[in-house]
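Peer 1: There's a structure below that I have some questions on.
The values are calculated or read from the model by the stated rules, or taken from the named source; none is laboratory data. These numbers come from a predicted model, not from an experiment. All Cβ positions, glycine included, derive from the backbone under ideal geometry; neighbour counts span all protein chains shown. Accessible surface areas use protein heavy atoms only, side chains included; no ligands, DNA or RNA. Shrake-Rupley method; radii C 1.70, N 1.55, O 1.52, S 1.80 Å.
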Amino acid sequence: MEKNFNKILLAILAFSILSIFSAYFIEYVLGHKPCKLCLYQRYPYFVSVFLILNILVLKKYVKLTLLTLA
């Protein structure tokens with residue numbers, strides 16, 4: 001169960017980092033200026049990356065962190 005749980009978290013982490021990276025790529029490399037809503041939509045991705053890294057690296061407050069992610 002623990003191994004499968006870590007795989008799911010790693011998949012979510014990879015998707016979140018890819019989404020953030022692609023947003024910055026489109027903004028800075030392709031030159032498209034994002035709207036305010038697009039900028040605000042990045043915040044949950046940053047929070048989820050931080051919380052998932054907290055679970056995977058520190059292994060503290062796992063239940064509280066998962067409750068926050070839900």
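Peer 1: Whole percent per 10 Å bin, from 0 to the bin with the longest distance: what is P(r) over all C-alpha pairs of the chain?
Peer 2: 18, 45, 23, 12, 1
Peer 1: Accessible area per residue of the chain at 1.4 Å probe, in Å²?
Peer 2: So the chain comes to 82 Å² accessible per residue, rounded to a whole number.
Peer 1: I would also like to ask the following. ³J(HN,Hα) across region 48-56 via Karplus (A = 6.51, B = -1.76, C = 1.60, θ = phi - 60°), whole Hz, x for Gly/Pro?
Peer 2: 3J(HN,Hα) across region 48-56, in whole Hz: 5, 4, 4, 5, 5, 5, 4, 5, 6.
Peer 1: Provide the gained length on full extension for the span residue 37 to residue 50, in nm with one decimal, where the gain is 0.36 nm per separating residue minus the Cα-Cα distance.
Peer 2: Computed gain between residue 37 and residue 50 is 2.6 nm.
Peer 1: Right, something else. Identify the trypsin sites (Lys or Arg not before Pro) of the chain meeting these criteria: DSSP loop state and at most 13 other C-beta atoms within 10 Å of the C-beta.
Peer 2: Listed in order of number, the matching sites are 59, 60.
Peer 1: Taking the dipole about the Cα centre of the chain, with the C-beta of Lys and Arg at +1 and of Asp and Glu at -1, give me whichever of 21, 45, 34 is farthest to the positive side.
Peer 2: 45
Peer 1: Any chance you could look up the accessible area of residue 46 with a 1.4 Å probe, heavy atoms only, rounded to 10 Å²?
Peer 2: 90 Å²
Peer 1: Given a 1.4 angstrom probe, I'd like the percentage of the accessible area of the chain that is carbon and sulfur, rounded to a whole number.
Peer 2: The nonpolar share, carbon plus sulfur, comes to 73 percent.
Peer 1: Let me ask something additional. What does the charge add up to near residue 26, with Lys and Arg as +1, Asp and Glu as -1, over the other residues with Cβ less than 15 Å from its Cβ?
Peer 2: +1
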